[in-house]
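Presented below is the structure to which this report refers.
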Amino acid sequence: MERVLEMLPATVQPLLEDVAIVIEDEPSAEQLRLGGDDENDGLYGLYEGTPATEYGSDLVPFPNKISLFRLALEEDFPDPGELAEEVRRTVLHELAHHAGIEDNRLHGLDVE
């Protein structure tokens with residue numbers, strides 16, 4: 001995980017200071033609901049928190065968090081190199097949410 005985080009672009013490194021990245025086996029029912037998961041797609045990651053662009057985001061009662069869901073990632077990406085690349089893409093995607101970028105804009109930027 002640390003190796004993947006070190007490979008992130010320098011421009012997003014400051015975002016890592018304000019968000020915890022945790023690895024969980026699988027999402028809870030609430031995380032599935034928040035992530036918009038359906039039966040055909042696995043949920044690889046989820047950002048939970050207040051985007052850095054919102055006023056007072058540094059005063060939120062709970063820390064910002066990115067959860068990575070190990071079982072779905074390992075099942076869909078058994079090759080270690082492909083797994084590392086998907087973890088990198090997932091972290092970038094979720095960091096973009098932390099930066100205040102919504103999914104529809106991410107799709108336009110090809111950050112999915």
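Scan segment 69-93 for residues that are free of Cβ contacts under 8 Å to residues at least 12 places away in the same chain and part of a helix (DSSP H, G or I) and the total you get is 6.
Among the residues here, HIS97 qualifies as closer than 17 Å to GLN31 by Cβ and either modelled with pLDDT of 90 or more or outside any loop (DSSP other than H, G, I, E, B) (or both).
Per the conditions (1) at pLDDT below 90; (2) among the polar types (S, T, N, Q); (3) within 18 Å of THR11 (Cα to Cα), the sole criterion not satisfied by THR90 is (1). Quick check on LEU15: is it in contact with a Leu (Cβ under 6 Å, 6 or more places away or on another chain), crowded, with 17+ Cβ neighbours inside 10 Å, under 19 Å from GLU2 (Cβ atoms) and modelled with pLDDT under 95? The answer is yes for LEU15.
Note on segment 18-45: residues that are assigned to a loop (DSSP other than H, G, I, E, B), at pLDDT 90 or above and surrounded by 14 or more Cβ atoms within 10 Å (Cβ to Cβ) amount to 3.
The values are calculated or read from the model by the stated rules, or taken from the named source; none is laboratory data. Just so you know, these numbers come straight off a predicted model, no measurement behind them. Glycine gets a Cβ as well: all are built from the backbone with ideal geometry, and neighbour counts include every protein chain shown.
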